[in-house]
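The values are calculated or read from the model by the stated rules, or taken from the named source; none is laboratory data. Small disclaimer: the values here were computed from a predicted structure and weren't measured. With ideal geometry, Cβ positions are generated from the backbone for all residues, glycine too; neighbour counts draw on all protein chains shown.
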Amino acid sequence: MCLHLCALAACAAALQLAAAQAPLAPAAPQPRFVVVLDAAHGGDDPGGRLSNGQAEKTITLALSVRLRSLLAARGIQVVTTRESDAAVDLNRRAELANHANAAACLSLHATESGSGVHLFASALAPAQPARFAAWKTAQAAWVTRSLALAGVLNSALLHAGFNVTLGRAALPALDSLACPAVAVEIAPEIASGRDSGHAPSASLDDPGYQARVAGALAAALLEWRTDAWRMEAARP
Ligand SMILES: [Zn+2]
């Protein structure tokens, strides 16, 4: 630990020296890119009861924490709706997300049914952005971008070898969000193949499984950031 810290301090000193010697050049401003992670449920709302007696709220928080640290390590600014086993109502979650002016918002859920990862975009019909969008249907102006985000998440998860189910659903948690938003529901991993039966090969509380899902979601969000920056650069 000490060695590590000392190495960091030496590195920081070297960087400062380099900065002092470098000619002053204006740094290109990086476009803002914020991701909101919404660990669904919490506090007195346990969500679904999972097979080993764990509550859904515990898995969603674990996934949020993993994904947050992966994104932060890649320089992505993350806003979370909760960091502990706290009750946060849906309006408060939407307020947090909308205030963050997020480039992507993932609402995280967990279920024992199905397998792999289920992605849901809002079922609202796409609408033109309005100056004062109705709170309960704010997502309508973003549905097209949300479907594009779901597509990027889908590709990254498939690439990482997961079963993915894509769908649209009437989800109040998504419908008030004024940003590209997708509900990500993690289910146990069930290996395909005739001999595998239906026993999960990875359960929801398996740390390795959670880490693999978080890794694929982080890869998708990095891709989404590259796309966002490209769009920003192409703007006249
Ligand atoms: Zn849920």
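Listing for the model above:
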{"read-out": "Complete set of residues in the stretch 104-115 that are modelled with pLDDT of 95 or more and either farther than 19 Å from residue 62 by Cβ or more than 11 Å from the ligand (Cβ to nearest atom) (or both)", "value": "104, 105, 106"}
{"read-out": "Answer from 72, 127 - the residue that is surrounded by fewer than 18 Cβ atoms within 10 Å (Cβ to Cβ) and under 17 Å from residue 145 (Cα atoms)", "value": "127"}
{"read-out": "Sole exception among (1) more than 21 Å from residue 78 (Cα to Cα); (2) assigned to a helix (DSSP H, G or I) for residue 232, by number", "value": "(1)"}
{"read-out": "Residues within the stretch 86-104 that are hydrophobic (A, V, I, L, M, F, W, C) and closer than 21 Å to residue 45 by Cα, tallied", "value": "7"}
{"read-out": "Condition check for residue 38: within 16 Å of the ligand (Cβ to nearest atom), surrounded by 19 or more Cβ atoms within 10 Å (Cβ to Cβ), not in a helix (DSSP H, G or I) and not basic (Lys, Arg)", "value": "yes"}
{"read-out": "Residue within the stretch 5-13 that is away from the ligand (no atom under 16 Å from the Cβ), within 16 Å of the chain's Cα centre (by Cα), at pLDDT below 95 and more than 19 Å from residue 171 (Cα to Cα) present", "value": "no"}
{"read-out": "Yes/no for residue 102 being farther than 28 Å from residue 206 by Cα, buried (at least 18 other Cβ atoms within 10 Å of the Cβ) and touching a residue at least 12 places away in the same chain (Cβ under 8 Å)", "value": "yes"}
{"read-out": "Qualifying residue in the stretch 168-185 (condition: among the acidic types (Asp, Glu) and surrounded by 21 or more Cβ atoms within 10 Å (Cβ to Cβ))", "value": "yes"}
{"read-out": "Enumeration of residues in the stretch 29-60 that are over 19 Å from the mean Cα position of the chain (by Cα) and within 16 Å of residue 187 (Cβ to Cβ)", "value": "48, 49, 50, 51, 52, 54, 55"}
{"read-out": "Leading residue by the ranking (modelled with the highest pLDDT) among those in the stretch 129-142 that are farther than 19 Å from residue 104 by Cα and of a type outside the set (Lys, Arg)", "value": "134"}
